[in-house]
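The values are calculated or read from the model by the stated rules, or taken from the named source; none is laboratory data. These figures come from a predicted structure and were not determined experimentally. FYI the Cβ positions are ideal-geometry reconstructions off the backbone, even for glycines, and counts take in every protein chain you see.
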Amino acid sequence: MRLKAYLFILVIAVLTSCGSSKKLSKHDEQMLNAPIWVKSRPINGLYYIGIAKINKSSYQNDYIEAAKRIALNDLASEISVKIQSNSIVSSFEDNAGYKSEFSRFIKMEMTKDLSGYQQQGSFETDEMYMVYYRLSKSKWTEIQAKKKKAAADRANTAFQQAQKDKLELNYISAINSSMNALLELKKYWNESVYYSVDDQQRRLDIDVREFIVSTLSSISLVYKPSTLQLNSENNFKEKLKLSVENDKSQKLNGFPIKINYRKNSIPFQNTIYSKSTDAIVEVSNVKYKQNGLFAFIELEKNKVLRIKNEDKKLLKFISDAFQTNPIRVPINFTLPSIYISSNKSKSINYHYIKDAMQQSLGKSNFIIVNSKRNAELFFRINIHETKANTSTKVLSASVSYSIEVKNKAKKTIYTYSSDKYKGVDYSIEGAREKSYIKASEDINGSSFKKLMQAIIQ
């Protein structure tokens, strides 16, 4: 019995000896000397706190800077972004989405602008590095108040300039200055910003916003005439008068106006700038179309509102306030009236060519008249009959024609010469008639595109 007790005590002693001789790892030994903030995150209602812990091998030589950056991000995340109920941000229709976008912006700006923080300590082992920063909440409030006051002063200066520019009808400058004023306050759109007007406190942020929206909403693109009429009297050219005006019908300088329409060969596009008088654009060489033809005019919003890509989401309400949808100005063609004559007008077969010519021109919306007095264009059809071949039983005859078109000033604007058309029959009269029929069939298939181009150019 004594022997068993002895052996039991011996085994316990050996086990105890082995356990006490087990060594701690180097990292654990180093951690024994770690300050309290490493083991437990401090809680202090007077400070914002940021702590970073990183693996040194992941950052190599720049682990200290990396830890600082992470710790300051951590500190910034403790600073809450409160959106006041009467702020610019809270007034947007897409409230939830806009608040989220604005909060992300503020967090990024806050991280970039952090100041007044202090490093409270650092600790490292062979494997890891930790750093601890904190920022006095009262000091942060003081810093922010100074920055807000400076931003408000800059915004107010820009806003005063914008109001002056608007009174002088310099709307482009007024828009730019007021947008600059609003962007100066961008970090404070979630709260109220005040300024003094006639010894009274007013909301600067709200006044600037309302100024921009009302200014942009008052701008309109005015054009005359309401429909462009192209005809032979104006040589198929029409002057379009354009102006940009405010709600008092005062003309405004410097607004870019884009105009585009289809010319004969290629699409035409141009940008002109509004003036204190009507800007005039000549619409000419328009590609003919019977219906649905328009010139498109619009204010070039992107050239007026020069908003950086990074601000487009936050300034969407400004873009929405400036409605610049393209305006469609109808273009109507009135083609000239035509009188047709011929050197073979008394020929028994002439009616084939004349009827075909009238039908083809009518399809292209030309007006055929029977009196020279009522005509604007004069078609002269010269028909050339070749001598019939009578040497065989089957007889043949050929005909060709040429066209000369003159205007009222007797200027030739279009000429055309046809191929020869051959007719075959057992009689001369039949062969001649068939040659005229072939010529007329070819005329019916013609669209007179070249004639149309010659007329409207």
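Taken over region 193-222, the criterion of being in contact with a strand residue (DSSP E or B) (Cβ under 8 Å, 6 or more places away or on another chain) and under 30 Å from Thr277 (Cβ atoms) is satisfied by Ile219, Ser220, Leu221, Val222. Number of residues in region 387-424 that are surrounded by 14 or more Cβ atoms within 10 Å (Cβ to Cβ) and in a loop (DSSP other than H, G, I, E, B) equals 2.
Could you list all residues from region 30-52 that are modelled with pLDDT of 90 or more and surrounded by 15 or more Cβ atoms within 10 Å (Cβ to Cβ)? The answer is Trp37, Val38, Tyr47, Tyr48, Ile49, Gly50, Ile51, Ala52.
For (1) more than 30 Å from Phe102 (Cβ to Cβ); (2) in contact (Cβ under 8 Å) with a residue 12 or more places away in the chain, each residue gets a yes or a no:
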residue: Pro256; (1), (2): yes, yes
residue: Glu300; (1), (2): no, yes
residue: Arg306; (1), (2): no, yes
residue: Asn309; (1), (2): no, no
residue: Lys312; (1), (2): no, no
residue: Phe322; (1), (2): no, yes
residue: Pro326; (1), (2): yes, yes
residue: Ile331; (1), (2): yes, yes
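Scanning region 44-69 for residues that are free of Cβ contacts under 8 Å to residues at least 60 places away in the same chain and under 23 Å from Lys187 (Cβ atoms) yields a count of 1.
Of the set (1) surrounded by 11 or more Cβ atoms within 10 Å (Cβ to Cβ); (2) modelled with pLDDT under 90, all apply to Asn61 but (1). With Phe236, Phe268 as the choices, which residue is part of a loop (DSSP other than H, G, I, E, B), aromatic (Phe, Trp, Tyr) and farther than 15 Å from Leu169 by Cβ? That would be Phe236, the only listed residue that is part of a loop (DSSP other than H, G, I, E, B), aromatic (Phe, Trp, Tyr) and farther than 15 Å from Leu169 by Cβ. The set of residues in region 330-366 that are in a strand (DSSP E or B) and surrounded by fewer than 17 Cβ atoms within 10 Å (Cβ to Cβ) comprises Pro330, Asn332, Thr334, Ser337, Ser341. Cβ separations smaller than 7 Å between residues 6+ apart or across chains give the following pairs from region 342-371 residues that are without any contact (Cβ under 8 Å) to a residue 60 or more places away in the chain to residues that are crowded, with 18+ Cβ neighbours inside 10 Å and part of a helix (DSSP H, G or I): Ser342/Lys354; Ile368/Leu361.
For region 209-220, the criterion of a residue being part of a strand (DSSP E or B) and either over 26 Å from Lys148 (Cα atoms) or assigned by TED's automatic domain parsing to the domain that holds Asn86 (or both) is satisfied by at least one position. Within the set Ser226, Ser178, Ser265, the sole residue that is free of Cβ contacts under 8 Å to residues at least 60 places away in the same chain and farther than 30 Å from Lys82 by Cα turns out to be Ser265.
I'd like the residue in region 95-130 that is of a type in the set (Gly, Ala, Ser) and surrounded by fewer than 17 Cβ atoms within 10 Å (Cβ to Cβ) and, out of all such residues, is modelled with the highest pLDDT. If we take residues in region 95-130 being of a type in the set (Gly, Ala, Ser) and surrounded by fewer than 17 Cβ atoms within 10 Å (Cβ to Cβ), then Gly121 is modelled with the highest pLDDT.
Conditions (1) in a helix (DSSP H, G or I); (2) touching a strand residue (DSSP E or B) at 6+ places or on another chain (Cβ under 9 Å), marked per residue:
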residue: Ser138; (1), (2): yes, no
residue: Lys146; (1), (2): yes, no
residue: Ala155; (1), (2): yes, yes
residue: Ala158; (1), (2): yes, no
residue: Glu191; (1), (2): no, no
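Of the numbered criteria (1) more than 27 Å from Gln84 (Cα to Cα); (2) crowded, with 16+ Cβ neighbours inside 10 Å; (3) modelled with pLDDT of 95 or more; (4) touching a strand residue (DSSP E or B) at 6+ places or on another chain (Cβ under 9 Å), the one Ser173 fails is (4). Of the residues examined, Ala151 is one that is in contact with a Lys or Arg (Cβ under 8 Å, 6 or more places away or on another chain) and under 19 Å from Glu184 (Cα atoms).
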